[in-house]
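What follows is one structure encoded as structure tokens, with my remarks underneath.
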Amino acid sequence: MTAPPPGSTNEDPQASPWPALLGAIARLVAVLVVLAAVFALVGFTLVGSHGGGGVQGWDDSVGTWFQTHRFHLVGASKVIAFLGDAPNLAVLVAAGTIVLLLVGQRVRAFIPLAAYLGAEFLVFLTRTYIHRPRPLSANYPGPGSLPGIHETSWSFPSGHATAGTAVVVSLAGLAVLTWKVRWPWIVGIVVGAMVATSRLVLGVHWWSDVTFGLVAGVVWGITVTLALADLPWPFSWPAHRLPVQPSAEPAPQSSGSLDDGGVRPPSAASNDAGPGPIPDDGNH
């Protein structure tokens with residue numbers, strides 16, 4: 001018995017991909033449950049179900065510092081706020097998913113989409129029971145607010161910090177998988193931190209809102225990337241052309257080969273003998 005070639009496996013190529021996909025989904029749901037539990041613990045213990053928790057003093061100090069040191073960062077922060085709004089980010093992620101599918105990424109094309117949906121779900125779920133008000137500077141013309149800023153939804157956690165970070169980290173993860181390098185992870189985390197900081201610059205969130213959102217976004221983005229990185233494609237589209245296998249049948253016999261009875265055909269025998277003698281016409 002010959003040994004299998006290097007890199008081969010004993011897996012059945014016709015096996016259904018759905019068990020692996022369902023297993024990955026189950027792991028992602030489990031991580032979501034853990035992150036939701038962490039948000040609930042932080043919300044009720046540090047933030048307070050209606051704000052004013054143990055971290056409020058630090059939140060006030062950080063917010064005041066940013067209001068006095070934000071001048072050159074306001075314009076860029078407004079751009080980030082526009083791109084990171086849930087509807088706009090959803091459009092960007094959907095477009096990116098389509099592009100990734102068209103270039104053949106298959107299951108990996110859904111990594112940013114899964115990162116976005118899971119993060120937005122965490123934010124929505126947490127805000128159903130943690131009703132923390134926004135800073136007064138989140139709604140113009142409130143104290144310390146900026147013109148054009150009107151944020152009135154619940155504050156914890158920051159949706160921009162959570163979902164925006166999850167998406168950029170998952171995109172960084174795609175770069176890691178594609179280029180086989182690690183530095184995009186750092187880029188993704190730095191960009192996520194910039195998104196979180198922009199919310200403090202605009203005065204629309206507390207420090208704890210964006211900090212815990214940033215951490216959750218990083219964890220969720222990495223988790224989604226690793227869970228969906230190497231899953232098989234479960235659909236028949238786009239179909240792959242099967243490689244052509246070499247034929248095991250013998251090559252057809254030429255006209256000069258022996259027939260089935262082992263006798264050379266007369267025509268072949270005459271051809272092999274070459275031209276006959278030239279008859280003497282008496283002119284030599």
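The values are calculated or read from the model by the stated rules, or taken from the named source; none is laboratory data. Note that the structure is a prediction, hence the values are computed from the model and not measured. Every residue, glycine among them, receives a Cβ derived from its backbone with ideal geometry; neighbour counts consider all protein chains shown.
Any idea which residue in the stretch 218-227 is nearest to Gln105 (Cα to Cα), counting only those that are surrounded by 24 or more Cβ atoms within 10 Å (Cβ to Cβ) and out of contact with any Gly (no Cβ under 6 Å at 6 or more places or on another chain)? Across the stretch 218-227, the extreme among qualifying residues is Val224. Within the stretch 1-28, if we keep just the residues that are at pLDDT 70 or above and not in a helix (DSSP H, G or I), the residue that is surrounded by the most Cβ atoms within 10 Å (Cβ to Cβ) turns out to be Pro17. In the stretch 155-180, the qualifying residues are those that are more than 16 Å from the chain's Cα centre (by Cα) and in a loop (DSSP other than H, G, I, E, B), and the one that is surrounded by the most Cβ atoms within 10 Å (Cβ to Cβ) is Pro157.
Contact annotation: residue pairs with Cβ atoms under 8 Å, 6 or more positions apart or on different chains, pairing a residue in the stretch 111-122 that is at pLDDT 95 or above with a partner that is not hydroxyl-bearing (Ser, Thr, Tyr) and not in a helix (DSSP H, G or I), are Ile111/Ala229; Leu122/Pro157. Of everything in the stretch 68-104 that's among the polar types (S, T, N, Q) and closer than 30 Å to Leu231 by Cβ, which residue is surrounded by the fewest Cβ atoms within 10 Å (Cβ to Cβ)? Residue satisfying both the conditions and the ranking: Asn88. Taking the criterion of being crowded, with 21+ Cβ neighbours inside 10 Å and in contact (Cβ under 8 Å) with a residue 60 or more places away in the chain, would at least one residue in the stretch 136-150 satisfy it? Checking the stretch 136-150: at least one residue is crowded, with 21+ Cβ neighbours inside 10 Å and in contact (Cβ under 8 Å) with a residue 60 or more places away in the chain. Confirm whether Ile98 is among the β-branched types (Val, Ile, Thr) and closer than 21 Å to Leu214 by Cβ. Judged against the criteria, Ile98 is not a match.
Residues that are within 17 Å of Leu202 (Cβ to Cβ) and within 21 Å of the chain's Cα centre (by Cα) number at least 2 in the following helices (runs of 4 or more DSSP H) confined to the stretch 55-154: 74-84, 86-102.
Within the stretch 29-39, the set of residues being touching a Leu at 6+ places or on another chain (Cβ under 9 Å) and surrounded by fewer than 16 Cβ atoms within 10 Å (Cβ to Cβ) comprises Ala36 only.
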